[in-house]
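All remarks here apply to the structure that follows.
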Amino acid sequence: MTQFIETINDQTLRQLPKVAGAYVLVIELANDLVLQNKRFAGTILPKGTYLYCGSANGPGGIAARVKRHCKQDKKPHWHVDELTSNGAGRIVSVLVVPGGNECELRARLQRYAPDVPVTGFGSSDCTDCSAHLMSVPVNQSRKFGKIIAGAA
């Protein structure tokens, strides 16, 4: 069952399903971020709201993956870790879709967040998507939670 968690905290993180599927992180950057990852080094993400579509098919499923993304102190592994580590940005909401597909979620959300700020970001193993990171238009950032929930 698709679930939109509007506010991330310890209590809401415990509600995440421990099954395989897809998710959309709503990430807020309070300041511009200069990416350090060797593939995107020097690229600047302007402050604002971003959507990251991901999948979780390993042990612990969606719950384990999203909880890891929410940790500030972690060893970088995925592209999105650069946005969610060391105070760079914070995850404010998450949409979870048990059994879902990250590329299908991205396609549904593209009409609401058409801007791809960094080609290839989060989609290095995907041949269909230009990126799994999208920027939310400034005039829609406050109402975007409802849009995301309705898009799934």
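Observations on the structure shown:
- Rounded to whole Å, the principal axis extents of the Cα atoms in the chain read 38, 33, 31, largest first.
- Percentage relative contact order, the range 3-144, counting C-alpha pairs under 8 Å, at least six apart: 31
- In plain terms, the C-alpha convex hull of the range 1-62 casts an average shadow of 5.5 nm² when viewed from every direction.
- Here r is the Cβ-Cβ distance between THR43 and ASP128 and R0 is 22 Å; the resulting FRET efficiency, rounded to 0.05, is 0.50.
- One chain, two ends: ARG108 and LYS67. Fully extended at 0.36 nm per residue, the span grows by 12.4 nm beyond their Cα-Cα distance.
- The modelled label-to-label distance between ASP10 and SER85, using points 7 Å beyond Cα along the C-beta direction, is 2.5 nm.
- Residue of GLN15, GLN72, GLN110 that the Gaussian network model of the chain assigns the largest fluctuation, springs spanning Cα pairs under 10 Å: GLN15
We did not get these values from a lab; they are worked out from the coordinates using the rules stated. Just so it is clear, the structure is predicted and the values come from calculations on it, not from any experiment. Cβ sites come from the backbone with ideal geometry, for glycine too, and all protein chains shown count toward neighbours.
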